[in-house]
Amino acid sequence: MTGWTDTHCHLNDTEAFADPAEAVREANENGVDRLIVVGVDGESSRLALEISEQFDNVWAVVGWHPNSAASFSTDGLKEISAAAGHPKAVAIGEIGLDFHWSYATLEQQKSALFAQLDLAAELGKPVVFHCREAYPELLDILEARPSHPYLMHCFAGGPEDADRALALGCLFGVDGPVTYKKADDLRATLRHIGLQHLVLETDAPWMAPHPHRGKRNKPAWTALVGQGLAVALEIDPEEIKRVTNANASRFFGI
Ligand SMILES: [Zn+2]
């Protein structure tokens, strides 16, 4: 039987995952057979590729996170451009806007975002977005550009944001919060979006699903996210797995 796909984890976070191979093995044992490791700057993107080279069913997403945008430069762009040419690099990300933290100014965030959107368009690579408290602003930017395959990682917007992103053809990442007791608004938004537009992620080491909330998350817990989505959508878990796997295959070309 096919397993689950964790479309977004940070096995390249060396503090959380001293032994990424062990985390991949544990994921496989728990029915998770495809993993995508996501970069947040040049070094972590390089590490994501290094991990992906060791396993047939692990791929990398390379890019410069808005919270790392203060260290983005033309050299950074060159690094991401080179990394994106690697055969295991399946998308540009995670890029975007973050108004919750202030590690980088709005100008720095926008400059990294625009340079990488142009790069993705030039290379024909899909884009994975990180967006925190900035959906209207990010959607304004995307609506003004030619259409492109986009994924809103760990979607936390409301129904209006979802409608605008759906009109752009976006996919949406579902994470641990779908399992949280008080997340009724999120579950309602995901029902509104519909399974055809969703993929599963852990965002490990962050966002651990119930009953592990607050602990260090791991890709092995992807099934818990899938089961939480099954409850939220009142759809059989096997169907959740089948459709989210197909969505991930189509988007990332895996
Ligand atoms: Zn992430």
Normalised by the number of residues in the stretch 127-222, what is the relative contact order in percent for Cα pairs under 8 Å and 6+ residues apart?
23
Cα centroid separation - the stretch 1-21 against the stretch 113-190, whole Å:
22
Could you run the Karplus curve 6.51 cos²θ - 1.76 cosθ + 1.60 with θ = phi - 60° over the stretch 27-42 and give me ³J(HN,Hα) per residue in whole Hz, x for Gly and Pro?
4, 4, 5, 9, x, 10, 10, 10, 9, 10, 9, 10, x, 10, 6, x
Here the averaged projected area of the chain, based on the convex hull of its alpha-carbon atoms and given in nm², is 12.1
What GluC sites (Glu not before Pro) does the stretch 1-49 have in DSSP loop regions with at most 13 other beta carbons within 10 Å?
Glu15
What value, in deg cm²/dmol to 500, does the helix sum -39500 (n - 2.57) over DSSP H runs of n ≥ 4 give at 222 nm once divided by the residues of the chain?
-13000 deg cm²/dmol
Among the listed pairs Lys78/Lys241; Lys125/Lys218; Lys182/Lys241; Lys110/Lys218; Lys110/Lys215, which have their C-alpha atoms separated by more than 28 angstrom in this model?
Lys78/Lys241; Lys110/Lys218; Lys110/Lys215
Summed over the other residues with a beta carbon less than 15 angstrom from that of Gly226, with K and R at +1 and D and E at -1, the charge totals -4
With θ taken as phi - 60° and the coefficients 6.51, -1.76 and 1.60, list the Karplus ³J(HN,Hα) couplings across the stretch 140-153 in order, rounded to whole Hz; mark glycine and proline as x.
4, 5, 5, 5, 8, 10, x, 5, 7, x, 10, 10, 8, 5
Percent relative contact order of the chain, based on C-alpha pairs within less than 8 angstrom and at least six residues apart?
20
Which net charge results when you count Lys and Arg as +1 and Asp and Glu as -1 among the other residues whose beta-carbon is under 12 Å from that of Pro66?
-4
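We did not get these values from a lab; they are worked out from the coordinates using the rules stated. As the structure is a computational prediction, the values presented were derived from the model and not from experiment. Note that we place each Cβ from the backbone using ideal geometry, even for glycine, and neighbour counts take in every protein chain shown.
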